[in-house]
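Novice: This structure is in structure tokens; I'll ask about it shortly.
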Amino acid sequence: MNHVSTRPARLTDLPRLFYWRNHPDQIQLSSSKQTVSFTDHARWFLSSLSRNYNHIYIIRLHTGSLVTPIGQIRFTKALDHAQIYIISIYLISPFSGQGFGQPAYTHALRNFLNYLFRKGNTDSITLNAVVRSENTRSLRFFAKLGFTRMTQPQSNDFTHLSTTLACSPDE
Ligand SMILES: CC(C)(COP(=O)(O)OP(=O)(O)OC[C@H]1O[C@@H](n2cnc3c(N)ncnc32)[C@H](O)[C@@H]1OP(=O)(O)O)[C@@H](O)C(=O)NCCC(=O)NCCS
């Protein structure tokens, strides 16, 4: 029986995330639609590992004893607000549309909220998602997870969604 889990990204994930980031599927969905250089990626990733503003989790599929990395979920602190994070998630192409996104989100969110709580954050947090408006699967995905559309989108190309969650530890 398959199941999905997540773990914090570590240094050895650098090449994998670089490969995923520059894959044509990701380029198509990214806001910039540009590839990144290895140098820029490495700089971004190494600073992210300090976990002060960018919290990256690797999504893993467990099939029996086989563990396969299948995607990434990231919570990025909004520059101007301590309690707001931008969420971004992707599954690499053979693994999307099979129902793995929802358990991956639930698992990573639990990891992330526990981490914040251990760091002394007991306030609620807001997660914002910015999705290309033509990306209907992703819009449906976030709606199923309780995200609602924000009223003032900054551009028609992107839809902004949001949810607010209590920052409490696992029961
Ligand atoms: C957005 C994304 C993470 C969602 O993950 P997902 O696994 O595809 O989404 P879900 O967990 O909701 O899976 C549900 C879909 O899988 C199908 N599915 C197949 N088997 C299933 C199962 N056993 N259980 C649940 N759903 C299943 C469902 O029919 C559903 O399709 P639908 O939404 O068209 O009805 C994923 O599609 C993805 O990586 N997309 C590309 C990147 C992207 O767009 N990221 C968002 C921008 S931040």
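Any read-out appearing in this document is the output of simple, stated calculations on the displayed coordinates, not a laboratory observation. Keep in mind that this is a model prediction, so the values were computed, not measured. FYI the Cβ positions are ideal-geometry reconstructions off the backbone, even for glycines, and counts take in every protein chain you see.
Novice: Evaluate the charge dipole of the chain about its Cα centre and quote only its size in Debye, nearest 20, assuming +1 on the Cβ of each Lys and Arg and -1 on the Cβ of each Asp and Glu.
Specialist: I would put it at about 220 debye.
Novice: What's the extension gain from Met150 to Asp40 if we count 0.36 nm per residue and subtract their Cα-Cα distance?
Specialist: 36.5 nm
Novice: Just order 112-124, 83-95, 14-26 by mean Cβ neighbour count inside 10 Å, highest at the front, would you?
Specialist: Packing order, densest peptide first, comes out as 83-95, 14-26, 112-124.
Novice: Hey, another quick one. In deg cm²/dmol, rounded to 500, what helix-only [θ] at 222 nm does the chain give when every DSSP H run of at least 4 residues adds -39500 (n - 2.57) and the total is split over its residues? Please report the intermediate quantities before stating the final value.
Specialist: Details: 5 runs with 52 residues, N = 171.
The helix-only estimate for the chain comes to -9000 deg cm²/dmol at 222 nm.
Novice: Using r as the Cβ-Cβ distance of Lys119 and Arg7, and R0 as 25 Å, what FRET efficiency do you calculate, to the nearest 0.05?
Specialist: Plugging the Cβ-Cβ distance into 1/(1 + (r/R0)^6) gives 0.90.
Novice: Lys144: which aspartates and glutamates have alpha carbons under 19 Å from its alpha carbon, excluding same-chain residues fewer than 8 sequence positions away?
Specialist: Glu134
Novice: Put a dot 7 Å past each Cα toward the Cβ at Thr164 and Thr126; how far apart are the dots in nm?
Specialist: Distance between label points: 0.7 nm.
Novice: Now a separate question. Calculate, in whole percent, how much of the Cα-Cα pair population of the chain lies beyond 25 Å.
Specialist: 32 percent
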